[in-house]
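A short write-up of the structure that comes next.
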Amino acid sequence: MIKEIALQGLWKNNPGLVQLLGLCPLLAVTTSVINGLGLGLATTLVLAGSNLCVSLIRNTVRPEIRIPVFVMIIASLVTTVELAMNAWFHDLYRVLGIFIPLIVTNCAIIGRAEAFASRNAPLPAVFDGLMMGAGFTLVLLILGGIRELLGQGTLLAGANMMFGADTDITLHLLADDSGFLLALLPPGAFIGLGLLVAAKNVIDRRLELRRQALPAIGVAAGQAG
Amino acid sequence: MATGKAQRPTVRRMTVAASLLTLFAVVGVGLVALTEDSTHERIERNEREYLLRSLNDVLPADRYDNALFEDTITVVDAELLGTTQPVTVYRARNNGIPKAVILTPVAPDGYSGAIRLLVGIDYDGTLTGVRVVAHRETPGLGDAIEAQRSDWILGFDQLNLNQPPLESWAVRRDGGQFDQFTGATVTPRAVVKAVRNSLLYFKRHRDALFANETPSAAGQSEAASPQKNQQESRPDIQAEREND
């Protein structure tokens with residue numbers, strides 16, 4: 001059960017790569033690893049929290065009002081996280097700006113509340129939230145890493161916004177002026193995400209082929225678009 | 001045909017649902033209110049620290065000894081300060097003697113909208129520093145006006161209206177002395193113009209800007225109308241009320 005939940009969140013049903021939920025913040029903030037990490041952690045926190053609350057009240061709330069109640073829970077949690085970030089990670093809050101309150105509109109959250117948390121006990125629900133959040137964060141990190149590396153030639157720039165003013169773990173991997181501008185612009189985000197989705201599909205196809213072992217060689221290839 | 005039997009449970013169900021909804025609303029609001037209450041002091045401090053940090057970027061903290069936040073006025077000059085909105089002016093003094101101001105003008109003609117600036121000007125009319133506060137210029141091209149991205153904006157330090165002469169306050173393409181960026185001329189052009197205009201504004205209104213002496217005097221809201229230059233582009237200087 002636990003393994004299956006983890007696998008669903010991180011890979012099989014990844015919010016970013018498979019469900020394609022929460023694309024607006026995903027594409028907008030992934031100009032650097034740290035931005036991605038910040039938004040990913042905030043989203044994870046909200047996901048776990050809302051899953052817990054929804055699961056706790058799943059037998060009390062009547063079906064006809066469950067959606068408004070979920071919305072209310074999520075909105076309160078997001079506002080709480082937003083205030084907390086403003087208080088403790090002020091610089092990061094400034095960078096992420098509007099995308100923190102916009103976590104409310106991330107369909108992945110209400111989707112998990114409805115599809116999983118409202119039908120399961122608190123513990124698995126929280127774990128599901130954490131895993132879904134981790135899957136989302138992972139996509140944010142990878143996409144942020146690719147875009148930051150190509151666009152600015154660095155990795156982990158701005159870590160001081162999260163880990164205190166003295167932290168500077170920026171890796172300068174490419175020469176300064178070699179930035180590939182497209183990577184930082186919105187089209188670069190779409191292209192990057194598209195490549196990630198494609199890469200995941202390729203890996204899945206390979207795994208599938210291997211599992212089917214020898215007999216069905218010609219079948220799996222070249223069908224799905 | 002709604003029978004009484006069917007209606008009762010419906011009404012009851014609706015009431016229960018409504019009460020539940022209300023209950024969750026109250027709990028949600030309570031949670032938010034609690035968080036707000038425990039964080040707002042910290043948030044306020046963060047905002048202040050952030051503002052002070054940016055102010056000290058354009059005006060070193062050792063140049064003044066007054067509380068910049070409390071010694072402010074707002075002025076309006078659409079032509080030179082780039083916006084019809086009131087613009088905040090921070091006044092720096094040392095032992096009560098006027099030392100410098102920090103203007104917060106807008107460069108209205110950036111490539112994608114307004115660019116908000118902080119411009120520190122010494123009492124003698126020399127720039128102590130310029131920084132961009134907010135902009136929406138193209139990443140990788142126009143955003144070189146940010147101090148984190150390039151040193152371009154630092155080039156304004158120590159300049160004034162005579163050095164370089166007024167006609168050289170333009171980007172090279174327009175015959176001036178400031179570098180434009182590869183692929184972006186509009187952005188630096190807008191910033192250079194805004195900085196020059198700020199200097200012009202300061203030159204014309206310096207005495208009026210420092211007119212009301214202390215923060216406590218500002219509380220009396222004596223509108224310090226400038227004595228000079230009343231014929232053209234008279235700024236509407238209002239003393240900002242401070243409640244301290």
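What follows is calculated from the coordinates using simple rules that are stated; it is not laboratory data. Keep in mind the model is a prediction, meaning the values are calculated, not measured. Positions of Cβ are backbone-derived with ideal geometry, glycine not excepted, and every protein chain shown enters the neighbour counts.
Overview of results
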quantity	calculated
Extension gain, B:SER168 back to B:ARG136 (0.36 nm per residue minus Cα-Cα distance, nm)	8.9 nm
Top of A:THR60, A:THR30, A:THR154 by mean-square fluctuation, Gaussian network on chain A, Cα under 10 Å	A:THR60
Lysine pair number, Cα distance threshold 19 Å (strictly under), the protein assembly as shown, separation 8 or more or different chains	5
Within 10 Å of each Cβ in B:41-51, the average number of Cβ atoms from other chains	3
Taking all pairs of distinct alpha-carbon atoms in region B:2-115, Kirkwood radius in angstrom	19.3
A:ASN59/A:ASP204 FRET efficiency (R0 25 Å; Cβ-Cβ; nearest 0.05)	0.10
Point-to-point label distance, B:GLU47-B:ARG12, nm (Cα→Cβ direction, 7 Å offset)	5.1
All-pairs Cα distance distribution in region A:1-86, expressed in whole percent, bin size 5 Å	3, 12, 16, 22, 21, 17, 7, 2, 1
Spin-label pair A:LEU181/B:ALA147, simplified geometry with 7 Å Cα→Cβ offset, distance in nm	2.6
Principal axis dimensions, largest first and in whole angstrom, of region B:1-58 by Cα	77, 21, 6
Test item: B:12-23 mean partner chain Cβ contacts at 10 Å	3
Other protein chain Cβ atoms within 10 Å, averaged over every residue that makes up B:136-142	3
All-pairs Cα distance distribution in the protein assembly as shown, expressed in whole percent, bin size 20 Å	19, 41, 29, 9, 1
Neighbour-count ranking [beta-carbon atoms within 10 angstrom, fewest first] of A:TRP11, B:TRP152	A:TRP11, B:TRP152
Helix runs (DSSP H) in chain A reaching 30 Å along axis by Cα, Kyte-Doolittle at least -0.5	A:33-56, A:66-88, A:122-152, A:186-212
Using distinct alpha-carbon pairs, which all enter the 1/r mean, Kirkwood radius of region A:2-212 in Å	17.9
Under-5 Å amide H pairs with A:GLN19, H placed in peptide plane, nonlocal only	A:ASN14
Length-normalised contact order of chain A in % [C-alpha pairs under 8 Å, at least 6 apart]	30
Least to most buried among B:LYS99, A:LYS12 (fewest other Cβ within 10 Å first)	A:LYS12, B:LYS99
